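The values are calculated or read from the model by the stated rules, or taken from the named source; none is laboratory data. Model, not experiment: these values are computed from the prediction. For neighbour counting, all protein chains shown are included, and Cβ atoms are generated from backbone atoms with ideal geometry for every residue, glycine included.
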Amino acid sequence: MKSQALHGHLDALLLSVLEGGALHGYAIIEALKSRSGGTLNLPTGTIYPALRRLERAGHVESEWSTVNGRERRTYRLTASGHRALAGERASWQELSSTVGRFLGTDTPPPATT
């Protein structure tokens with residue numbers, strides 16, 4: 001899946017991945033890939049700027065740590081991030097319900113004139 005198709009939804013996906021606990025960047029990328037069945041194989045050039053944007057917005061906090069001699073930046077949700085994720089979920093439900101009325105398998109209602 002192309003990152004352009006995710007426009008407007010990447011932040012929600014990242015917040016959702018971090019809801020399970022703190023992760024470093026590569027683990028976030030792998031979680032997206034795993035949870036999507038391999039469909040979301042996004043490059044670091046897409047993920048890291050989004051994480052920095054979420055951090056500037058106060059939805060994510062990060063800290064540096066050293067693991068096996070390598071420095072890693074670990075990200076975790078803040079209280080604001082949890083609230084933002086709840087809002088994203090509500091917006092997604094509304095959007096998917098509305099779009100489903102057009103693109104779903106249900107027969108559309110007859111047009112009235």
Across region 5-19, the tally of residues that are over 15 Å from residue 55 (Cα atoms) and either over 8 Å from the mean Cα position of the chain (by Cα) or at pLDDT below 90 (or both) stands at 4
Please determine, by comparing only the residues of region 27-54 that are touching a residue at least 40 places away in the same chain (Cβ under 8 Å), assigned to a helix (DSSP H, G or I) and not small (Gly, Ala, Ser), which one is nearest to residue 65 (Cα to Cα).
28
Leading residue by the ranking (surrounded by the fewest Cβ atoms within 10 Å (Cβ to Cβ)) among those in region 32-69 that are hydroxyl-bearing (Ser, Thr, Tyr) and more than 17 Å from residue 20 (Cα to Cα):
66
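Hey, among 84, 90, which residue is part of a helix (DSSP H, G or I), among the aliphatic types (A, V, I, L, M), surrounded by 14 or more Cβ atoms within 10 Å (Cβ to Cβ) and at pLDDT 95 or above? Step through it out loud before you land on a result.
Numbers: 90 fails: surrounded by 14 or more Cβ atoms within 10 Å (Cβ to Cβ).
Matching residue, one of 84, 90: 84.
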